[in-house]
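Enquirer: One structure follows; several queries about it will come next.
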Amino acid sequence: MNPVQASRGAAIDLEAISKAYGGFKALDGVSLRIEPGEFMTLLGPSGSGKTTTLNVIAGFTDVTSGKLLVGEKSVVGVPAHKRNIGVVFQHYALFPHMSVGRNVAYPLTLRGVDKATREARVARALDMVKMGDFAHRYPSELSGGQQQRVALARAIVFDPPLLLMDEPLGALDKKLREWLQLEIKRIHRELGTTFVYVTHDQEEALMLSDRIAVFNRGRIEQVGTGRQLYDEPATLFVGRFIGDSTVLRGEARSDGNSTALSIAGETVTAPRKLSGEASPVMLLRPEKLSLRRPGQSASGGNRLSGTIGEAIYLGSESKYEVKLADGSAAIVRSPLTGESFGLGDKVELCFDGSDATLLADDASADTTLT
Ligand SMILES: Nc1ncnc2c1ncn2[C@@H]1O[C@H](COP(=O)(O)OP(=O)(O)OP(=O)(O)O)[C@@H](O)[C@H]1O
Ligand SMILES: [Mg+2]
């Protein structure tokens, strides 16, 4: 068999994976199907199980229970070095005593690839990460971003069907991170390899991924495209973790097909009912909320009285924090073409009930944010 396989993305199936450390479950029944060639991001707060999941796929951590298939074959019990997986971790350092060229050649040397093929592949991998001119430098002579690009070249040089990355850009400044995000996206497109990427940064996840799996306390809360997670969060935790949101809580009343919340003497309604017994909250995205001066005529819909607590100018729009009568805060984005408001102004917060997502209340959704 050719020691360096042709590049094709592998499917990954995690089936009810659990990992316990003593009595603590780092992973608690994680199931996820990743399609061949997909860019899947594992997103979640610190300690939610992202790295553990990556380590399980790589073979660095064994599972307590569950099944794991890579390329439709079970790899439970297969050691890490036999899984043919590329890995880039935040602190997975380059070999300091080897030049960039020898670092990148290393996986090929391990696989017994002949010199001519090795040289051609190293050159191709370094070109791909735009480090072609740096083959003779040593890691200590490179910037952090350059080192991560070399690490990426080393991970893709043997054409693995699967590439795992754990916060590879975590240590870099914002500008460099954004540029490398674009580079990683381009490399993914060019290779057709399956990418599994870990981050706790939701903007990075939205920017890179085909789909995102949202982790919380060792479980996956929801898997979907960025748009699905933003527009149709399945849980309050997901709604809070992805994008800005306002959560309205109050005394709830549901009849056949609508839900009303009474908030400090005012009532808002949404034309749906939450199934199940849990107490409902309404989640609203900032662009679905608008502001008016009190008493100004508004077209139907819901209104809540509030006071401007923060007004931030963002170039093309303004962002307001509105303090509501019950002490909670709402986040509103409004175009600069509309009326502007200043700190302390009394306002009415308006929204259409059909724009509210009804979700079961979950106090932990507010406290587990990073
Ligand atoms: N070897 C270990 N022994 C005991 N507990 C562990 C071990 N490795 C991880 N854990 C625990 O498992 C949980 C999940 O850890 P994991 O590293 O997967 O989190 P993470 O989502 O990657 O977080 P972060 O964003 O901080 O990197 C944490 O509570 C962690 O303390
Ligand atoms: Mg981690």
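Enquirer: Of all residues in segment 312-333, count the ones that are of a type in the set (A, V, I, L, M, F, W, C) and crowded, with 17+ Cβ neighbours inside 10 Å.
Expert: 5
Enquirer: Does Ala278 satisfy the criteria of being open to solvent by 20 Å² or more (accessible area, probe 1.4 Å) and touching a Phe, Trp or Tyr at 6+ places or on another chain (Cβ under 6 Å)?
Expert: When the stated conditions are applied, Ala278 does not pass them.
Enquirer: Something else now. Regarding segment 91-98, can at least one residue be identified that is surrounded by fewer than 13 Cβ atoms within 10 Å (Cβ to Cβ) and within 16 Å of ligand 2 (Cβ to nearest atom)?
Expert: Taking every residue of segment 91-98 in turn, at least one turns out to be surrounded by fewer than 13 Cβ atoms within 10 Å (Cβ to Cβ) and within 16 Å of ligand 2 (Cβ to nearest atom).
Enquirer: Could you tell me whether Ala116 is modelled with pLDDT of 95 or more, of a type outside the set (Val, Ile, Thr), crowded, with 20+ Cβ neighbours inside 10 Å and away from ligand 2 (no atom under 16 Å from the Cβ)?
Expert: no
Enquirer: Another one. Quick one: would you say Arg219 is closer than 30 Å to Ala16 by Cβ and in contact with a Ser or Thr (Cβ under 6 Å, 6 or more places away or on another chain)?
Expert: No: the conditions fail for Arg219.
Table: residues versus (1) of a type in the set (Ser, Thr, Tyr); (2) open to solvent by less than 20 Å² (accessible area, probe 1.4 Å); (3) within 16 Å of ligand 2 (Cβ to nearest atom).
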{"position": "Asp28", "(1), (2), (3)": "no, no, no"}
{"position": "Leu32", "(1), (2), (3)": "no, yes, no"}
{"position": "Gly44", "(1), (2), (3)": "no, yes, yes"}
{"position": "Thr64", "(1), (2), (3)": "yes, no, no"}
{"position": "His81", "(1), (2), (3)": "no, no, no"}
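Enquirer: I would also like to ask the following. Report whether or not Glu287 is touching a strand residue (DSSP E or B) at 6+ places or on another chain (Cβ under 9 Å), over 23 Å from Thr235 (Cα atoms) and at pLDDT below 95.
Expert: Spelling it out, it is not the case that Glu287 is touching a strand residue (DSSP E or B) at 6+ places or on another chain (Cβ under 9 Å), over 23 Å from Thr235 (Cα atoms) and at pLDDT below 95.
Enquirer: Could you grab the pairs with beta carbons closer than 7 Å, sequence gap of 6+ or different chains, first residue in segment 131-147 and farther than 14 Å from Phe95 by Cα, second one charged (D, E, K, R)?
Expert: Met131/Arg149
Enquirer: Let me ask you something else. May I ask you to verify whether Arg154 is in contact with an Asp or Glu (Cβ under 8 Å, 6 or more places away or on another chain) and open to solvent by less than 60 Å² (accessible area, probe 1.4 Å)?
Expert: No, not satisfied.
Enquirer: If only one of Asp362, Asp326 is more than 16 Å from ligand 2 (Cβ to nearest atom), under 30 Å from Ile220 (Cβ atoms) and of a type outside the set (S, T, N, Q), which one is it? It would help to see each step written out before you state the result.
Expert: Working: Asp326 fails: under 30 Å from Ile220 (Cβ atoms).
After applying the criteria, what remains is Asp362.
Enquirer: Here's something else I'd like to know. Is at least one residue of segment 192-203 touching a strand residue (DSSP E or B) at 6+ places or on another chain (Cβ under 8 Å), farther than 23 Å from Leu176 by Cα and crowded, with 22+ Cβ neighbours inside 10 Å?
Expert: yes
Enquirer: Let me ask you something else. Which members of segment 84-118 meet the condition of being farther than 22 Å from Tyr138 by Cα and either touching a Lys or Arg at 6+ places or on another chain (Cβ under 9 Å) or in contact (Cβ under 8 Å) with a residue 40 or more places away in the chain (or both)?
Expert: Those that are farther than 22 Å from Tyr138 by Cα and either touching a Lys or Arg at 6+ places or on another chain (Cβ under 9 Å) or in contact (Cβ under 8 Å) with a residue 40 or more places away in the chain (or both): Asn84, Ile85, Arg111, Gly112, Val113, Thr117.
Enquirer: Let me ask another. Being buried (at least 20 other Cβ atoms within 10 Å of the Cβ) and among the β-branched types (Val, Ile, Thr) is the filter here, so list the residues in segment 222-246 that pass it.
Expert: Within segment 222-246, Val238, Ile242, Thr246 qualify.
Enquirer: I've got another one for you. Only residues in segment 40-60 that are of a type in the set (A, V, I, L, M) count as the first member; pair them with residues that are open to solvent by 10 Å² or more (accessible area, probe 1.4 Å) and part of a loop (DSSP other than H, G, I, E, B), Cβ under 6 angstrom, at least 6 apart or cross-chain, and list the lot.
Expert: Val56/Val63; Ala58/Ile85
Enquirer: Going by the structure shown, is Arg253 without any contact (Cβ under 8 Å) to a residue 40 or more places away in the chain, within 23 Å of Arg333 (Cβ to Cβ) and either in contact with a His (Cβ under 7 Å, 6 or more places away or on another chain) or open to solvent by 10 Å² or more (accessible area, probe 1.4 Å) (or both)?
Expert: Against the criterion (without any contact (Cβ under 8 Å) to a residue 40 or more places away in the chain, within 23 Å of Arg333 (Cβ to Cβ) and either in contact with a His (Cβ under 7 Å, 6 or more places away or on another chain) or open to solvent by 10 Å² or more (accessible area, probe 1.4 Å) (or both)), Arg253 does not qualify.
The values are calculated or read from the model by the stated rules, or taken from the named source; none is laboratory data. Owing to the predicted nature of the structure, the values given are computational and were not obtained by experimental measurement. Cβ coordinates were reconstructed from backbone atoms using ideal geometry, including for glycine residues, and neighbour counts include every protein chain displayed. Side chains included, ligands, DNA and RNA excluded: accessible areas come from the protein's heavy atoms. Shrake-Rupley method; radii C 1.70, N 1.55, O 1.52, S 1.80 Å.
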